[in-house]
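Undergrad: Sending over a structure as structure tokens; questions will come in a sec.
Each reported figure results from applying straightforward, stated rules to the coordinates on display, with no laboratory input. Because the structure is predicted, anything quoted here is derived from the model rather than measured. Neighbour counts are summed over all protein chains in view; Cβ atoms, including those assigned to glycine, are modelled from backbone coordinates with ideal geometry.
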Amino acid sequence: MVEVVNWVADRYQSLQEWARERFADDPREAEIAKYSVLAVCVAAVALLVIALLWLAVAVLGAIVQGVANGLIAGGTWSLERVADWHLTEVVTTPVHAYITAHAASLPTGAEAIWSAWALTGPILWLLCWLTGSSWSARLAWVLYGAGTVAMVYSASPANGRMLAAGIAVLYWGVLSVFALRGIRRRPTVHVHPTPAPTTALEQLRARLDEQFGEVHARLTSMEAAAGDELAARRAEQPDR
């Protein structure tokens, strides 16, 4: 980039010298040539900047798209591995069977509904865990868990329905320990003491206290003055 800028500056100086030599006898033509050269240089720099910006945006877009595709592929692979795990098949297999059996008359296919169910759970769990105080996300998580347990109980074999439903409740309860707690702590509550209400009676009492204080101060000063005057008179009287 620095080399390109230096090359443009060199070309600009060369064109300026050529304009001065070519139109040395006509200052007006030299001025026109000068501004023409400047306009050409500005246009060249602008095209260069636009090309570099377009290249940067294209590279950045490719990087973002690659990262997004990698995250989606990784998340899908992780969900598929979790769904195929033997300990989770107690829940996922009945849910998949229930969705397949009841989605035949729906416009959306069973696989689309199954994918939506598989993605909704982690999304709701993350929302509950990150937001913490969102009651709407918590309610959705509770309804999701209740619906999952109902599907597991309905689609499990008759001799293992209660056990399968119990395992589903156990899984949902363990996940709810984190989902219903949230990542945020309880907000700090600052209690500011409110000033005592000022009533007419309290105002009257304050005025009376102020007046009594003034009267007390006056009596004290009068007593002090009387004491000083009495002491002065005693000092003026001759000793008998």
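Undergrad: For the peptides 53-61, 145-153, 115-123, 39-47, what is the packing order when you average, over each peptide's residues, the other Cβ atoms within 10 Å and list the highest mean first?
TA: Those peptides, ordered most packed to least, come out 145-153, 115-123, 39-47, 53-61.
Undergrad: Now for a different question. Quick one: length gained pulling residue 71 to residue 46 fully straight, 0.36 nm per residue minus the C-alpha distance?
TA: Length difference between fully extended and current span is 5.3 nm.
Undergrad: Mind giving me the FRET efficiency for residue 181 and residue 62? R0 is 25 Å, r the Cβ-Cβ distance, nearest 0.05 is fine.
TA: Efficiency, rounded to the nearest 0.05: 0.05.
Undergrad: Let me ask you something else. Using a Förster distance of 51 angstrom, determine the FRET efficiency expected from the C-beta separation of residue 106 and residue 53, and round it to 0.05.
TA: With R0 = 51 Å, the Cβ-Cβ based efficiency is 0.60.
Undergrad: OK, next. Residue 38 versus residue 216, label points 7 Å from Cα toward the beta carbon: distance in nm?
TA: Calculated label separation equals 8.6 nm.
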